[in-house]
Each structure stands twice: as structure tokens, then as C-alpha cells.
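The values are calculated or read from the model by the stated rules, or taken from the named source; none is laboratory data. Predicted, not measured: the structure shown is a model, and the values here were computed from it. We place every Cβ from the backbone using ideal geometry, glycine too, and count neighbours over all the protein chains shown.
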């Protein structure tokens, strides 16, 4: 395996680039939809595309390119990617829906009883829908193959 340019590890470089592409896209798309720069989108979860999916698929693809798809490292990477993507689209998305419902209940109770029931607004954008996960996964695979010459070298 060659040393990377950014982190002295070519696989970690590909993962970092894939994450950065996904997060920068979120900033740019929020600029278009919200008509303002929201730099916090670089660090926030949720949205299109899933940076969790892009990073784990970039990792698995890079490991497959570097060590072969029959290597134990590739198997570990693929299982890890499946678990992360399932979590992003399943558990974290469900938690986001629950947060949304609780926020609405707090707002409604505040109006009914003229008290503050929604002191702490829960974060709702936690997970991803299947399209966001799939798009992130495709981004990760694409980034890994674009940098294939660097990994295989």
C-alpha cells in the first residue's frame, strides 16, 4: 500500500475525500435551497448524500482494490459498511422521526398550557432515507475508483 498525500495512508485519504465531497455538497445544496451559507452543514448529520455511506463504501472499495475482494480485510470492511448504512437508514432515521414528534408535542403543550414544554429542541435530522444512503454509497465507490490508480500503484 502506498503512503497517502493527506494522512500518509492512501485508503484514509480516499475516505477523507469521499466524506469531504458529501459534506461540501450538503453545504452547496443548502446554499441553493436556503439562499444562505450554512457552514454548520459540514459537521451536521443527515441529508443528501449520506456521508456515513460514502465513507464506509469508499473504505470497503479501497480495501478491495488494495488487498483484493477475497481478503479478510475486505470482508470486515463490507460488513462494517452494511452495519453503518443500515444504522443510518434505520435506527438513526427512526430516532429523528421520534425527535420530530416530541418537538411537535412540546410546541403543542406550550401553546395549550401557556408554559415552555419545548425548552430543548431535539435534533431531527439524524438519519437518512434509502435514496440518501444509496447516493452516498455510490459516491464512495466512485471516489475510490477515481483514485484507484493511486491505491493500486
Please indicate, with yes or no, whether at least one residue in segment 22-31 is closer than 15 Å to residue 144 by Cβ and within 20 Å of the chain's Cα centre (by Cα).
yes
Condition first: exposed (fewer than 14 other Cβ atoms within 10 Å of the Cβ) and modelled with pLDDT of 90 or more. Can you find one or more residues in segment 53-68 that meet it?
yes
Can you confirm whether segment 122-130 contains a residue that is at pLDDT 70 or above and farther than 18 Å from residue 19 by Cβ?
yes
